[in-house]
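Read the structure below first, then the notes.
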């Protein structure tokens, strides 16, 4: 199974109607819903790419739900519909024996509330010079683990009872890398960086870094400071009727 799956889904098992959905294999969240405004009678729905290069959902309850129709005549027989590892469902036209391609249609052009290819405000990166992980907000360092020493990061999982990772660093002329592995190999592990800057372990919902409490003015638990915006103030001297902007 890949990172995403596509299937017809009924929100209520008692319902007679379904939706074509793309779901994350990791957490089963909906990445995309194809016919969100036009549910299809279940179980008579079929996703079809016909000989006229039309991508659609057919059913026995009315007109098909058409995603792409070839308005221009195409002689290409190398057209395929594929769910990519990125979660993008694409209709591709392969030419010259598959050496070149173009997208005729893609689900990323019709987003839901989940924008898979979009970059967020926060990023997590490895600083090989200072040997620490950093969370940045729009490129500005927001939070840091502190330097890696004795197999630990100072501000990552400071509670010993929550320590469940083995960290390793490789630094040589061929490679600079940081890796982690769960102490309990039977468990799953997935670091998740939220849109608010919180870094947590998805499996057990353990906070790896409470960076969402960093405000640029405090240095608690790995938080970093940055220049704060200047706030203007008006001082009014009523005796002299003078207004000063500071």
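The values are calculated or read from the model by the stated rules, or taken from the named source; none is laboratory data. Computed from a predicted structure; not experimentally measured. Here the Cβ is made from the backbone with ideal geometry for all residues, glycine too, and neighbour counts use every protein chain on show.
Answer with yes or no whether residue 128 is closer than 30 Å to residue 210 by Cβ, surrounded by fewer than 16 Cβ atoms within 10 Å (Cβ to Cβ), in contact with a strand residue (DSSP E or B) (Cβ under 8 Å, 6 or more places away or on another chain) and at pLDDT 70 or above. Answer is yes for this residue. Residues that are in contact with a helix residue (DSSP H, G or I) (Cβ under 9 Å, 6 or more places away or on another chain) and closer than 15 Å to residue 168 by Cβ within region 133-148 comprise just one, 145. Residue count for region 47-64, restricted to those that are within 24 Å of residue 94 (Cα to Cα) and modelled with pLDDT of 90 or more: 7.
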